[in-house]
Structures are given as C-alpha cells and as structure tokens.
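Asks: What follows is a single structure, and I will ask about it in a moment.
The values are calculated or read from the model by the stated rules, or taken from the named source; none is laboratory data. The shown structure was predicted, so the numbers you read here are calculated from the model rather than taken from an experiment. Quick reminder, even Gly has a Cβ in these numbers, built from the backbone with ideal geometry, and neighbours come from all protein chains shown. These accessible areas exclude ligands, DNA and RNA; they are computed on the full protein's heavy atoms, side chains included. Shrake-Rupley method; radii C 1.70, N 1.55, O 1.52, S 1.80 Å.
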Amino acid sequence: MAQVIDGKAVSAQIKEELKGKVAALRTEGVEVTLAVIQVGDDPASSVYVGNKKKACAYIGIRSLSYELPEKTSQEELLALIHELNGREDVNGILVQLPLPAHIAEEEVIGAIAPQKDVDGFHPQSVGKLCIGQPGFVSCTPAGIIQLLKRSGIEIAGKECVVIGRSNIVGKPMALLLLRENGTVTVAHSKTENLKEVTKRADILVAAVGKPRMVTRDYVKEGAVVIDVGIHRMEGNKLCGDVDYENVVPVCSAITPVPGGVGPMTIAMLMNNCVESVGLQGK
Ligand code: GUN
C-alpha cells in the first residue's frame, strides 16, 4: 500500500511551529508584517490572496492588503513597492501573479527588495539558491522538500526527475533536490522518450500543468510521486497532473490532490515571512 503523503497535516504542523515563533517575536516587540499586492480581480488570484491573508491571521502575522485596479500603471505599482521597501514595519512583500498584460512581471519582481522577497522570485534569491547560499526559496518547491523530509523520505543519492522547468516550480525544485544530494534530471515538453526518463525516478515530481498526464507507465515500481498540478474538472472535482487512481498501486508514496503539495505553499510563505524578520535593515 502506498503511503499517502498528507500535506494538510504537515502544513498544520509547520503553521503551529510558526505560531510559536511569531508569538515569541511579539514579546520582543516585533510584529511580523506581510504586504500583499493584487492588481485586478482575477477570481483565482483573489482566492489565493484570500487564503494567504487567512493564514497570516491564523499564525499572528499582520497582513497589509493592497487591492489595486486592473488599470494601475507599472509606474504606480513600482512606486508602491519602493514605498514598502523603505518601510521598517514591513518584513515581506508579495505581488500576486499573474499581473495584467501591460505590466512587465520581471520589472516588478526585480523591484522588490531581496530581503523582503518572501516569494523567492527575485533574481538575487534565485542566484543564491543556485550557488548554495542562504536566501528565500520559492514556496512550492521548498514545501515539497519539507514534505519529503517530514515523511521520512531520503533524497540523497536518489534518482530525482522533475517534469516541468518553470521559474516558480521546476527550476528551483531541481536546484533544491540537488542541494539535498539527489541525482537530478529536468524533463520538459521537448524531452524525447519522456516515459523512459521518468521511469528512472526514485522521486518523480510532476509539474506539467496537464490534468492526469502522468499514468503508471511513467512511474517505476516503488517510486515516490509528488503531484504539483491542480485542475478543476467537470463536476467541480479537483485533480492533479498525476492520474492518482492509476498510479497509486505502483508507487511507494504519493501526494493527493487536493491535500498534498497545495497546503505546503502557503505554509512555506508564512515560514519565509518569519525568516524575513532577521533580514530587515540588511
Ligand atoms: N501565482 C501563482 N502562484 C504564485 C505564487 O506562489 N506567488 C505569487 N506571488 N503569485 C503566484
């Protein structure tokens, strides 16, 4: 029987740990504060932003909410970021993506002070991850490492295959697995003989963005399967990039959707907010 990796339980454990740290900081007179910026009212983004603010309230982090109209100019958004960069009472800055098409995401991400970059998207954060220096790490892949470690799954020496090469998940995931001494392959939409590549994996991370694409013929017997995808299907049912029912008989451990990787992303964002406290003024 495959171990079902319970992301809800692990994220709840991390949030409890963070609650304690935030309370301890408060007794020292530090109020951990996250500024959350949303431009426009994309419904999915509104749900994500709402969940992030709820998690802040639960843990005791103060959140400052900036809900800007769709027509906000890039200059106006950059001016707000510069203001927040300079505020001593703001520890973390999060700009929800995607941004409207008239705003250059790269410019905006690059404008956030690296010591407040709790999403881990700034080129300096990515560069530090790449060369093994401490810095903020993108929340979803950081959450996956926590899930593996807290489920007792060894990474060192293992064949790890990541399907997907996005800046937010695939690339940082590969770098983190490498940092944990995994043997890492990054596969993507142009990879030839994809099934042969993924069948080598002891740990397979699916971040492809295609519902139920990964079936058992992509998976080695006994592999650990991590599903980053989340898709709403007809009948309102959620599914991942992995065909769960098909894969579960062949793997040794698997993350469900929902309740696997998803809850970890917000837990790691909260973790990054707490870590950002020590970086202020640096
Ligand atoms: N949009 C989708 N995922 C994310 C995320 O992790 N952070 C931000 N800022 N925007 C997102």
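Asks: Project the alpha carbons of the stretch 9-79 onto their principal axes and report the range along each, largest first, in whole Å.
Replies: 40, 30, 13
Asks: Less than 19 Å from a label point 7 Å out along the Cα-to-Cβ axis of M233: which backbone N atoms in the stretch 246-275 qualify, by residue?
Replies: So the set is 246-251, 254-262.
Asks: Kindly write out, for the stretch 166-179 in residue order, the coupling ³J(HN,Hα) from the Karplus curve 6.51 cos²θ - 1.76 cosθ + 1.60 (θ = phi - 60°), rounded to whole Hz, with x marking Gly and Pro.
Replies: Residue by residue, the stretch 166-179 yields 5, 5, 7, 10, x, 5, x, 4, 4, 5, 5, 5, 5, 4 Hz.
Asks: Accessible area per residue of the chain at 1.4 Å probe, in Å²?
Replies: Working: 13290 Å² over 282 residues.
Averaged over the residues of the chain, the accessible area is 47 Å².
Asks: How fast does the chain diffuse by Stokes-Einstein, in µm²/s, taking the Kirkwood radius from C-alpha pairs at 4 °C and 1.567 mPa s?
Replies: Answer from the Stokes-Einstein relation: 66 µm²/s.
Asks: For K171, tell me the accessible area in Å² from a 1.4 Å probe, rounded to the nearest 10.
Replies: Rounded to the nearest 10, the figure is 100 Å².
Asks: Next question. My understanding is that a pair violates if its Cα-Cα distance is over 31 Å; which of K116/K190; K116/K149; K54/K237; K15/K116 do that in this structure? Numbers along the way, then the final one.
Replies: Values: K116/K190 35 Å; K116/K149 26 Å; K54/K237 23 Å; K15/K116 20 Å.
The answer is K116/K190.
Asks: Considering the convex hull of the alpha carbon atoms of the stretch 122-261, report its projected area averaged over all viewing directions, in nm², one decimal. Present the calculation step by step, with values, prior to reporting the outcome.
Replies: On the way: hull surface 33.7 nm².
One quarter of the hull surface, i.e. the mean projection, equals 8.4 nm².
Asks: Would you work out which of L269, I112, G222 lies farthest towards the positive end of the dipole of the chain, given +1 charges on the beta-carbon of Lys and Arg and -1 on that of Asp and Glu, about the Cα centre?
Replies: G222
Asks: So, one more: For R232, R26, R62, give the ranking by accessible area with the largest first, probe 1.4 Å. Each step should come with its number before you reach the end.
Replies: Details: R232 150, R26 115, R62 75 Å².
Correct descending sequence by accessible area is R232, R26, R62.
Asks: Relative contact order, percent, of the chain when contacts are C-alpha pairs under 8 Å separated by at least 6 residues? Before the final figure, lay out each step's value.
Replies: Working: 552 pairs, mean separation 61.6, N = 282.
Averaging sequence separation for qualifying contacts and normalising by length gives 22 percent for the chain.
Asks: Something else: Separation between the H82 and L97 pseudo-spin-labels, each 7 Å from Cα along Cα→Cβ, expressed in nm?
Replies: For H82 paired with L97, the spin-label model returns 2.3 nm.
Asks: Return the carbon/sulfur percentage of the accessible area of the chain, one whole number, probe 1.4 Å, all protein chains in place.
Replies: Details: 6980 of 13290 Å².
After summing per-atom areas, the C and S share lands at 53 percent.
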